[in-house]
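Novice: Take this structure, written in C-alpha coordinates, and hold onto it; I'll ask about it next.
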Amino acid sequence: MRPPTIEGGFEGFTAFVQSLNDQLGIPRTLSELGATPERIDELAEMAIQDPSCGGNPVELSVENLKELYRRCM
(Lines give C-alpha, C1' and ligand atoms only; values in the text may rest on other atoms or scores of the structure.)
Protein backbone atom coordinates (compact mmCIF):
# COMPACT_ATOMS: atom_id res chain seq x y z
CA MET A 1 0.00 0.00 0.00
CA ARG A 2 1.45 3.36 -1.05
CA PRO A 3 1.25 6.37 1.24
CA PRO A 4 -0.78 9.31 -0.05
CA THR A 5 0.95 11.74 -2.38
CA ILE A 6 1.54 15.24 -1.05
CA GLU A 7 1.29 17.81 -3.83
CA GLY A 8 3.42 20.95 -4.01
CA GLY A 9 6.94 19.66 -3.49
CA PHE A 10 8.76 20.82 -0.38
CA GLU A 11 6.32 23.67 0.25
CA GLY A 12 3.41 21.25 0.08
CA PHE A 13 5.16 18.89 2.48
CA THR A 14 5.92 21.64 5.00
CA ALA A 15 2.31 22.89 4.78
CA PHE A 16 1.10 19.31 5.42
CA VAL A 17 3.37 18.90 8.45
CA GLN A 18 2.37 22.29 9.88
CA SER A 19 -1.32 21.46 9.39
CA LEU A 20 -0.82 18.15 11.19
CA ASN A 21 1.05 19.89 14.01
CA ASP A 22 -1.78 22.42 14.32
CA GLN A 23 -4.38 19.63 14.47
CA LEU A 24 -2.36 17.95 17.24
CA GLY A 25 -1.90 21.22 19.13
CA ILE A 26 1.89 21.24 18.77
CA PRO A 27 3.23 24.76 19.43
CA ARG A 28 5.00 26.60 16.60
CA THR A 29 7.58 28.41 18.73
CA LEU A 30 9.57 27.96 21.91
CA SER A 31 7.74 30.98 23.33
CA GLU A 32 4.47 29.09 22.98
CA LEU A 33 6.06 26.36 25.11
CA GLY A 34 6.84 28.93 27.81
CA ALA A 35 10.51 29.58 27.05
CA THR A 36 11.64 33.19 27.40
CA PRO A 37 14.59 35.06 25.90
CA GLU A 38 15.98 35.48 29.40
CA ARG A 39 16.56 31.72 29.59
CA ILE A 40 18.47 31.35 26.31
CA ASP A 41 21.89 31.16 28.02
CA GLU A 42 20.65 28.49 30.43
CA LEU A 43 18.93 26.48 27.69
CA ALA A 44 22.02 26.53 25.46
CA GLU A 45 24.28 25.40 28.31
CA MET A 46 21.92 22.53 29.12
CA ALA A 47 21.51 21.54 25.47
CA ILE A 48 25.24 21.36 24.75
CA GLN A 49 25.59 18.80 27.56
CA ASP A 50 22.85 16.57 26.11
CA PRO A 51 24.37 13.43 24.54
CA SER A 52 22.02 13.73 21.55
CA CYS A 53 23.90 16.85 20.39
CA GLY A 54 26.69 14.62 19.11
CA GLY A 55 24.42 13.13 16.46
CA ASN A 56 23.53 16.49 14.92
CA PRO A 57 24.86 16.96 11.35
CA VAL A 58 25.84 20.54 12.29
CA GLU A 59 28.51 20.80 14.96
CA LEU A 60 26.84 22.52 17.88
CA SER A 61 28.32 25.10 20.19
CA VAL A 62 26.81 27.20 22.95
CA GLU A 63 26.89 30.20 20.60
CA ASN A 64 25.11 28.58 17.64
CA LEU A 65 22.58 27.02 20.02
CA LYS A 66 21.83 30.49 21.43
CA GLU A 67 21.22 31.76 17.89
CA LEU A 68 18.99 28.77 17.14
CA TYR A 69 16.94 29.46 20.28
CA ARG A 70 16.65 33.16 19.38
CA ARG A 71 15.27 32.22 15.96
CA CYS A 72 12.86 29.69 17.47
CA MET A 73 11.36 32.08 20.00
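The values are calculated or read from the model by the stated rules, or taken from the named source; none is laboratory data. Quick caveat: nothing in here was measured; it's all calculated off a predicted structure. Glycine also receives a Cβ, built like all others from the backbone with ideal geometry; neighbour counts cover every protein chain displayed.
Novice: Within the range 21-34, which residues are under 21 Å from Y69 (Cβ atoms), out of contact with any helix residue (DSSP H, G or I) (no Cβ under 9 Å at 6 or more places or on another chain) and part of a loop (DSSP other than H, G, I, E, B)? Even if it seems obvious, please write down each step before you answer.
Specialist: To start, the set of residues in the range 21-34 that are under 21 Å from Y69 (Cβ atoms) comprises 21, 26-34.
Add one more test, that the residue is out of contact with any helix residue (DSSP H, G or I) (no Cβ under 9 Å at 6 or more places or on another chain), and what stays is 21, 32-34.
The answer is G34, and nothing else.
Novice: Further question on the same structure: Between a first residue in the range 2-31 that is without any contact (Cβ under 8 Å) to a residue 40 or more places away in the chain and a second residue that is part of a helix (DSSP H, G or I) and surrounded by 10 or more Cβ atoms within 10 Å (Cβ to Cβ), which pairs have beta carbons less than 7 Å apart while being 6 or more apart in sequence or on different chains?
Specialist: I6/G12; I6/F13; I6/F16; G8/A15; P27/L33
Novice: Is there a residue being surrounded by 13 or more Cβ atoms within 10 Å (Cβ to Cβ), hydroxyl-bearing (S, T, Y) and either on the phi > 0 side of the Ramachandran plot or modelled with pLDDT of 95 or more (or both) anywhere in the range 56-69?
Specialist: Yes; the residues of the range 56-69 include at least one that is surrounded by 13 or more Cβ atoms within 10 Å (Cβ to Cβ), hydroxyl-bearing (S, T, Y) and either on the phi > 0 side of the Ramachandran plot or modelled with pLDDT of 95 or more (or both).
A quick yes/no check of all residues on (1) outside any helix (DSSP H, G or I); (2) among the hydrophobic types (A, V, I, L, M, F, W, C); (3) exposed (fewer than 12 other Cβ atoms within 10 Å of the Cβ):
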{"site": "T5", "(1), (2), (3)": "yes, no, yes"}
{"site": "F10", "(1), (2), (3)": "no, yes, yes"}
{"site": "F16", "(1), (2), (3)": "no, yes, no"}
{"site": "S19", "(1), (2), (3)": "no, no, yes"}
{"site": "R39", "(1), (2), (3)": "no, no, no"}
{"site": "M46", "(1), (2), (3)": "no, yes, yes"}
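Novice: Moving to a separate point now. Of everything in the range 48-64, what is more than 23 Å from V17 (Cβ to Cβ) and assigned to a helix (DSSP H, G or I)? Give them in sequence order. Before the answer, list the steps.
Specialist: To start, the set of residues in the range 48-64 that are more than 23 Å from V17 (Cβ to Cβ) comprises 48-51, 53-54, 59-64.
Within the range 48-64, I48, Q49, P51, C53, G54, V62, E63, N64 meet the criteria.
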